[in-house]
Structures are given as C-alpha cells and as structure tokens.
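Here is the structure we will look at.
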Amino acid sequence: MSGGIIPREYWTYVIVPTLSRIGHPFDTASAGMLVLGTALAESGLKHLRQMGGGPARGVLQIEPATAWDMIER
C-alpha cells in the first residue's frame, strides 16, 4: 500500500495493544476487525486529515467533538 499504513502493522502495533489495554469485552478479534475495517473504509489507512478540509482526524476519521465525548465518558 503506497503512502499508507500496512494493515498488518496497524493491527499488530495499534489495534491489538489498544484493545488489550481497554480489556474485556473489547479485546476480541471481532472488535479488532471492526476497527480495522472502519479504518480501511474511512481513510484507506492513508489519510490523517479529512479530505476537503473537514474536522475529522486520524485513520479512523474521528471528529474532535466525538473524540472528546468518548474520553469524557
């Protein structure tokens, strides 16, 4: 994949450690596949800023307000 993250590396170095740290019930292969699938659909594991200048950020294309809401809850 030119110019992006290799899905296997994203799985190994981001998804698995993150879900493991969060713990049950999120540390499952199906939860990981959902995260990977979302990242592939939203950004192709390439874009860290929303195309067209929108507010979304990261390979999951999360908007800042949504991220802060998730952190606070």
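The values are calculated or read from the model by the stated rules, or taken from the named source; none is laboratory data. Not measured: the values here are computed from a predicted model. Positions of Cβ are generated from backbone atoms using ideal geometry, with glycine treated the same way; all protein chains shown enter the neighbour counts.
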Under 8 Å by Cβ, and 6 or more places apart or on different chains, what pairs join a residue from the range 47-73 that is at positive phi with one that is part of a helix (DSSP H, G or I) and not charged (D, E, K, R)? Gly58/Ser43; Gln61/Ser43
Filter the range 30-53 down to residues that are at pLDDT 95 or above and more than 11 Å from the chain's Cα centre (by Cα) and give me whichever is farthest from Ile15 (Cα to Cα). Ser30
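State whether one or more residues within the range 23-34 are touching a residue at least 12 places away in the same chain (Cβ under 8 Å), surrounded by 11 or more Cβ atoms within 10 Å (Cβ to Cβ), assigned to a loop (DSSP other than H, G, I, E, B) and of a type outside the set (A, V, I, L, M). Walk me through it before giving the result.
If we filter the range 23-34 for residues that are touching a residue at least 12 places away in the same chain (Cβ under 8 Å), which is where we start, we get 31-32.
Retained after the next criterion (residues that are surrounded by 11 or more Cβ atoms within 10 Å (Cβ to Cβ)): 31-32.
If we keep only those that are assigned to a loop (DSSP other than H, G, I, E, B) too, we end up with none.
Scanning the range 23-34, I find no residue that is touching a residue at least 12 places away in the same chain (Cβ under 8 Å), surrounded by 11 or more Cβ atoms within 10 Å (Cβ to Cβ), assigned to a loop (DSSP other than H, G, I, E, B) and of a type outside the set (A, V, I, L, M), so the answer is no.
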